[in-house]
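Everything below concerns the one structure shown next.
Read-outs: derived from the displayed coordinates by stated rules, not from any lab. Please read these numbers as outputs of a predicted model, since none were measured by experiment. Backbone-built Cβ (ideal geometry, glycine too); neighbour counts: all protein chains shown.
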């Protein structure tokens, strides 16, 4: 095996790893993780979602939302308190 053949096969394996072997490995790893999570859900039968938080527990900036294109009056008052960078 001469140097040109060696360089060709190394380059071929690098390209095959990038475009074929690595995505296949990621797919199988994701599948195994998903199967494990599904079995865990079926075994314990608990709700996997986060509990709903009360509005009183949220920080005040969480209530500052933009309705259409203008911020609400509460939001404008709240944002006035913060110094601009």
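Before moving on, here are some points about what is shown:
- Three-way shape call for the stretch 1-47 based on the alpha-carbon gyration tensor, with the a/c threshold at 1.5: prolate
- Spin-label pair residue 9-residue 40: with each label point 7 Å from Cα along the Cα-Cβ axis, the two points sit 4.2 nm from one another.
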